[in-house]
Amino acid sequence: MEEIITIDGAGRLVIPKPMRARLHLREGTRLRVSDEDGNRLVLEPVTPEVVPVEVEGLLVIRGRLAGEIPDHRQQREQRIRSLGRIRR
């Protein structure tokens, strides 16, 4: 997808909405900007550093889940069986 956009007087540019949606860019998304070969401007999303924090004695990782919540029940059962804790 290619679009022509304009930089305003404050140096800002607007990424077209369809492009933001396709790339999952939301308000507050941090972007790394670099110039390659002095000819191209490259914007890349910065992956936030995941830092666990303690909440009421539990370590919690805060953030947004990308995609659906995976169902780990089958993997859990297989793992428990492999450890010999369940005999069937």
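The values are calculated or read from the model by the stated rules, or taken from the named source; none is laboratory data. Values in this document were obtained by computation on a predicted structure and should not be read as measured data. Here the Cβ positions follow ideal geometry from the backbone for every residue, glycine too, while neighbour counts run over all protein chains shown. Please note that ligands, DNA and RNA were not included when accessible areas were found on the heavy atoms of the full protein model with its side chains. Shrake-Rupley method; radii C 1.70, N 1.55, O 1.52, S 1.80 Å.
So the values come out like this:
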item	result
Output for the stretch 9-21, where each listed residue is open to solvent by 60 Å² or more (accessible area, probe 1.4 Å) and assigned to a loop (DSSP other than H, G, I, E, B)	G9, A10, R12, L13, V14
Test for H24: is it surrounded by fewer than 10 Cβ atoms within 10 Å (Cβ to Cβ) and out of contact with any Asp or Glu (no Cβ under 6 Å at 6 or more places or on another chain)	no
Wholly within the stretch 29-83, strands (runs of 3 or more DSSP E) carrying at least 2 residues that are closer than 25 Å to V14 by Cβ and open to solvent by 100 Å² or more (accessible area, probe 1.4 Å)	31-36, 40-45
Unmet criterion (only one of (1) at pLDDT 85 or above; (2) of a type in the set (A, V, I, L, M); (3) within 28 Å of H24 (Cα to Cα)) for V51	(1)
